[in-house]
Amino acid sequence: MHLSTLLPFLLTTTPLIAAKSPLKAPSPSIGSPSTLPPLGKTLNVTVITAHHGRSALECWALEPDFETSTVTGTDGASSLSLGPIGGVAGGNTSYVVVPPGFDGGRHNAPVNQWVICLSGELRITLPNSTSSARISAGKNSALLALDTPDVSKLGHSTDYPSKERSIGLEIPLGAAGVPKHRVLSEGACAGEQLLD
Ligand SMILES: *[C@@H]1O[C@H](CO)[C@@H](O)[C@H](O)[C@H]1NC(C)=O
Ligand SMILES: *[C@@H]1O[C@H](CO)[C@@H](O)[C@H](O)[C@H]1NC(C)=O
Ligand SMILES: CC(=O)N[C@H]1CO[C@H](CO)[C@@H](O)[C@@H]1O
């Protein structure tokens with residue numbers, strides 16, 4: 001290409017490159033930010049906790065906040081450390097496949113664990129309470145189940161109203177214990193607490 005045709009191109013693109021140079025070039029695989037609402041600062045999760053021997057639902061904002069990843073493969077993306085979950089101290093991680101309409105009955109969380117809904121939906125209700133939660137596959141699919149028998153007498157009930165199989169990944173918290181958090185509200189996370 002002749003310099004005279006190249007020159008206008010260089011003049012228009014050079015300031016752009018110069019302005020961007022203090023930052024890392026965004027990965028083209030991260031969606032156009034202009035079309036998405038900004039990501040909230042914290043990851044908010046619905047928690048089955050317990051107070052005074054009874055299970056209760058709360059919405060927690062985990063600490064720390066989302067950070068910008070510097071790990072290869074997700075460099076520049078939003079990321080949040082869940083700490084060293086699982087491992088020998090936590091017991092076994094399970095991939096659980098539940099048939100449509102299954103009723104899990106009333107029970108306690110066997111150990112403190114993450115439950116991630118990979119497919120379908122789980123519905124949680126509490127005995128002697130009208131509080132309930134629905135966790136579906138997708139952006140808001142994480143639940144912390146902490147109402148172990150030592151802290152909750154009656155536990156909670158889970159059923160699976162989906163017409164498809166529900167799949168859950170159950171990951172014990174292990175030695176890392178319950179993540180640092182702020183309680184945002186009573187009840188399951190809802191409204192602006194959820195990712196949209
Ligand atoms: C978490 O909840 C707070 C308070 O409602 C909200 O400002 C924030 O955007 C939520 N985080 C996400 C990722 O939606
Ligand atoms: C984890 O799985 C192993 C192998 O199946 C089993 O021996 C062990 O008891 C399990 N641990 C717990 C805490 O369930
Ligand atoms: C006071 C009351 O309603 N107690 C009930 C709480 O829930 C358990 C389990 O569903 C019942 O057995 C109690 O009767």
Subject >> Computed label-point distance, nm, for sites Phe66 and Ala89 using a 7 Å Cα→Cβ extension >> reply: 2.9
Subject >> Karplus 3J(HN,Hα) series, Hz, for segment 181-190 with 6.51 cos²θ - 1.76 cosθ + 1.60 (x for Gly, Pro) >> reply: 6, 10, 7, 7, 6, 6, x, 5, 4, 8
Subject >> Positive minus negative residues near Glu58 (Lys, Arg vs Asp, Glu; Cβ under 13 Å) >> reply: 0
Subject >> Packing-based ranking, highest mean first, of 67-77, 102-112 given that Cβ atoms within 10 Å are counted >> reply: 102-112, 67-77
**OP:** Tabulate in residue order the Karplus-calculated ³J(HN,Hα) for segment 168-175, using 6.51 cos²θ - 1.76 cosθ + 1.60 with θ = phi - 60°, rounded to whole Hz; enter x for Gly and Pro.
**Re:** x, 9, 10, 10, x, 6, x, 4
**OP:** Quick one: what are the phi-derived ³J(HN,Hα) couplings along segment 48-63, Karplus 6.51/-1.76/1.60 with θ = phi - 60°, whole Hz, x for glycine and proline?
**Re:** 9, 9, 8, 9, 6, x, 10, 5, 8, 9, 9, 10, 10, 9, 6, 10
Subject >> For Arg54, distant residues with modelled amide H under 5 Å away >> reply: Lys153
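Any read-out appearing in this document is the output of simple, stated calculations on the displayed coordinates, not a laboratory observation. Keep in mind it's a predicted model, so treat the numbers as computed, not measured. No Cβ is skipped: glycine too gets one built from the backbone with ideal geometry, and neighbour counts run over all protein chains shown.
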